[in-house]
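The values are calculated or read from the model by the stated rules, or taken from the named source; none is laboratory data. Computed from a predicted model, the values in this text were never measured in an experiment. FYI the Cβ positions are ideal-geometry reconstructions off the backbone, even for glycines, and counts take in every protein chain you see. These accessible areas exclude ligands, DNA and RNA; they are computed on the full protein's heavy atoms, side chains included. Shrake-Rupley method; radii C 1.70, N 1.55, O 1.52, S 1.80 Å.
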Amino acid sequence: MPAHTAPVITARHLTKAYGRGVAARTVLDGVDLDIEASMLTAIIGPSGSGKSTLLFCLSGLESSSGGEVDLLGADPARARPGRMARLYRERVGFVFQEYNLIPYLSARRNAALPGLLAHRPDAVSRADSALSELGLSEHASTRASRLSGGQQQRTALARVLAGRPEVVFADEPTGALDTAASAVVMGGLRARADEGAAVVLVTHDLDAAALADRVVLLRDGRIQGVHGRSSAPELAGLLEGEDAGAQR
Amino acid sequence: MSGAILRSVLAGRAAWWAPALVASLSSLLVGICLVQTLGTDATNPEIQAVLRSEGLETDHVASVGLSLSVMMLPIIVIVLATVSSAAITATTPDRARWRLAGAPPSMLALFVLLEIVLVSLAGGVLGALGTALLGGPLSGLLNRLILPELAGIEVQPAPLALLGAAVVPPLTALVAGLLPALRGARVPAIRAVRGESEPSGRHSGRRGVITGLGLCALCAAVVLTYRRPPVLDGGQALTAGLGLAVLTLVVAGLGARTLVPLIVRAVSRLLPVPGAVWPLAGDGAVARAHVSGATVVALACGTGILGALTGMARTSEAISRALGSHEDYNLLDTYVICGVIGLLCAVGGACVLALSAGDRRREVATLRAAGMAPSQVRGAAAVEALLLTAASMVISLATTLMSTGLITRAAAVEGLPARLTLPWPELAVAGALTAAVLLAALVLPAQRALGASVRGSLAPG
């Protein structure tokens with residue numbers, strides 16, 4: 001495991017509830033978490049445990065109901081939208097399960113988007129080299145809507161590689177992919193972490209989580225445990241153990 | 001099975017508010033015109049007395065409402081067709097499920113057409129109720145605008161006018177809904193159920209052929225009418241000019257998905273602005289051709305008719321002046337007609353854009369996650385509005401040229417001093433109003449999308 005550095009993301013007493021009054025449903029219940037640079041942190045847990053909600057609250061794409069988040073020195077709840085936009089195009093990257101590319105833009109322009117929005121002169125050349133690294137050179141001029149699922153996800157990853165963000169949030173990035181495409185995407189995320197980025201991965205895929213330096217186990221909106229690098233069977237055992245514990 | 005499909009088609013149609021709104025507004029406007037025509041005719045002694053005292057013909061005022069009703073019919077067809085088409089696109093996944101369950105396309109087309117007619121009938125009934133309540137005062141207002149001396153004379157809504165107001169929208173919907181219904185039945189089932197967008201270019205060949213055929217028909221009509229133009233006296237040339245204007249708009253409507261992206265692409269290449277926002281807005285407008293094309297054509301109907309009518313009037317005025325007349329043409333009634341048509345077109349255009357708000361919300365959320373600043377989001381929406389305004393004005397200018405050119409040609413053939421006079425001030429005002437409508441219809445939803453949760457907006461479905 002890489003040496004510990006100062007956390008780039010911290011969450012204290014983070015809560016998130018949907019609805020109000022008797023209909024209120026607590027999804028995150030007092031989460032305390034530190035995410036360090038140069039680490040791939042996987043968040044796993046059963047369906048409905050609040051994994052994706054935690055990722056979105058940490059990233060500022062969803063507002064929390066209580067507690068505090070510090071993302072690269074900014075509090076997403078209080079920061080002005082312009083500051084958060086700058087943070088997203090310069091220092092934070094996202095990979096989603098649904099790809100979320102702009103369908104009418106080419107793979108090249110999708111990959112270069114944060115750089116283009118930041119008026120970076122080398123945005124397109126960086127996007128081209130990232131696409132080439134992921135084997136998408138010949139599809140660089142193809143519209144995103146014409147790419148296959150795996151190609152779209154690799155384009156989304158190329159956006160992250162081209163922007164070289166300090167923090168990467170990945171929400172089920174292999175959820176809709178086959179084994180080969182999953183391996184490419186996870187390899188890219190692992191490489192970003194090795195280059196110094198803090199990568200936060202939410203996944204159901206235990207093989208993907210096994211590539212993480214640290215695994216956070218979430219259940220009913222609470223952190224049940226934080227584990228070091230573990231194999232897929234060990235993680236399965238942890239999940240089953242938690243299930244058994246919950247049933248007892 | 002057909003009963004189940006029909007029930008499904010009629011139940012819970014959130015997208016049908018737009019055609020219903022356009023149908024009810026059409027009904028109200030036609031109703032007002034019919035009330036004006038039937039209440040201001042030779043049987044109204046009070047109005048006839050005023051007309052006689054002013055030295056005017058007995059049908060001087062009543063004919064305005066009738067002309068307006070007739071002119072509005074093709075405009076209602078085009079606007080209703082574009083809005084219905086957008087509403088049908090919004091409900092594609094429902095039809096896709098029925099296709100997967102084995103429903104034949106002909107049955108789906110029939111039910112979609114029935115749906116458009118029923119929605120229009122509902123709008124027509126609402127419009128007729130509105131006419132019963134407001135038809136009298138608003139027709140009186142129309143009369144006052146045409147002839148200020150008619151102020152204060154009440155016009156009563158005739159039952160025939162109310163009936164006309166109720167039946168005009170469903171009857172026009174039968175024509176307007178045909179193409180959207182046929183297109184709606186040819187749904188790519190698997191792709192639609194998965195929520196995947198249709199690849200651009202899938203039907204571009206067929207669209208190109210339809211646009212080409214439409215342009216050929218327009219060219220043939222222009223050659224025929226320009227070679228032997230109708231005589232100016234008696235208003236035949238004016239009628240033919242107006243016909244050419246309507247034909248131009250119909251061709252633009254049929255070829256909207258091909259022509260509008262071409263114009264937008266040309267304008268964005270003519271004005272290359274550095275930065276990410278301008279090309280993004282241009283690409284967005286081109287990619288959303290089904291929305292931007294319908295919006296542009298709906299708005300161009302209003303500005304094109306304004307350009308055609310005022311252009312023909314200005315050219316006729318210029319010919320009269322060249323012959324020694326010093327009389328200024330009073331275009332007040334023309335402006336009233338264009339204002340009424342323009343209102344219908346603006347509502348239609350705004351409805352089409354409103355129906356695509358869901359897609360835009362998702363796109364804005366994706367761009368926010370990629371780091372697009374709120375000012376850039378608003379800027380992209382504003383640039384798209386300006387590009388669509390430019391496209392709308394290109395079509396309007398073509399419409400104006402077709403009709404105004406015919407008057408010039410007719411005058412030249414008759415040996416009169418002919419000079420093409422384009423109504424630049426009116427077109428400039430129309431362009432400004434179009435830009436205002438599009439800015440409001442694009443920037444306000446973008447602003448609302450900025451306030452929404454990114455996660456909620458990105459959620460599938």
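Restricting the calculation to Cα atoms, region B:203-461 yields a radius of gyration followed by a Dmax of 20.7, 70 Å. Put simply, the Cα atoms of chain A extend 55, 42, 39 Å along their principal axes, the longest span coming first. From the alpha carbon centroid of region A:116-135 to that of region A:32-101 is 24 Å. Within the shell defined by Cβ-Cβ distances under 12 Å, the residues around residue A:157 carry a net charge of +3, with Lys and Arg each +1 and Asp and Glu each -1. Pair-distance distribution of region B:233-328: all C-alpha pairs, bin width 10 Å, starting at 0; shares per bin in whole percent are 15, 31, 25, 17, 10, 2. Kindly point out which whole DSSP H helices in chain B project their C-alpha atoms 24 angstrom or further along the helix axis while averaging a Kyte-Doolittle hydropathy of 0.5 or above. Span-like helices, by this rule, are B:17-39, B:62-90, B:105-146, B:159-176, B:204-227, B:236-254, B:289-322, B:332-355, B:374-413, B:424-451.
Extension gain for residue B:269-residue B:416 works out to 48.8 nm (0.36 nm per residue, less the C-alpha to C-alpha distance).
Extension gain for residue B:49 to residue B:110 (0.36 nm times residue separation, less C-alpha to C-alpha distance): 16.8 nm. Near residue B:256: Cβ cut-off under 13 Å, other residues only, Lys/Arg at +1 and Asp/Glu at -1. The net charge is +4. At an R0 of 22 angstrom, the distance between the Cβ atoms of residue A:129 and residue A:183 translates into a FRET efficiency of 0.60. Approximating the spin labels as points 7 Å out from Cα along Cα→Cβ, the residue A:234-to-residue A:137 distance works out to 3.9 nm. Accessible area ranking (1.4 Å probe, heavy atoms, ligands and nucleic acids excluded), largest first, for A:12, A:20, B:257, A:164: A:20, A:164, A:12, B:257.
Charged neighbours of residue B:150, selected by a Cβ distance under 11 Å, balance to -3 (K, R count +1; D, E count -1).
Note on residue B:343 and residue A:15: their simple-model spin labels are 5.3 nm apart, each label 7 Å out from Cα toward Cβ. Percent of C-alpha pairs per 20 Å bin in chain B, short distances first: 23, 53, 22, 2.
Hey, what does the equivalent ellipsoid look like for the protein assembly as shown, semi-axes from the Cα gyration tensor as sqrt of 5 times each eigenvalue, largest first, whole Å?
Numbers: eigenvalues 695, 147, 103 Å².
In descending order the semi-axes read 59, 27, 23 Å.
Excluding ligands, DNA and RNA, the accessible surface per residue across region B:203-461 is 40 Å² with a 1.4 Å probe. The calculated FRET efficiency for the pair residue B:321 and residue B:233, based on their C-beta separation and a Förster distance of 30 Å, comes to about 0.95.
Where only DSSP H runs of four or more residues are counted, the protein assembly as shown gives -21500 deg cm²/dmol as its mean residue ellipticity at 222 nm, each run worth -39500 (n - 2.57). An oblate overall shape is assigned to region A:1-80, the ratio a/c of its alpha-carbon gyration tensor axes (a ≥ b ≥ c) being 1.5 or greater and a/b not exceeding b/c.
Heavy-atom accessible area for residue A:128, with the other protein chains in place and a 1.4 Å probe, reaches approximately 50 Å².
Accessible surface buried at the B:A interface totals approximately 2400 Å², computed with a 1.4 Å probe on protein heavy atoms. Of the beta bridges in region A:106-248, as assigned by DSSP with both residues counted there, near 60 percent are antiparallel. Compactness ratio for region B:1-193: Cα radius of gyration over 2.2 N^0.38 Å (N = residue count) comes to 1.27.
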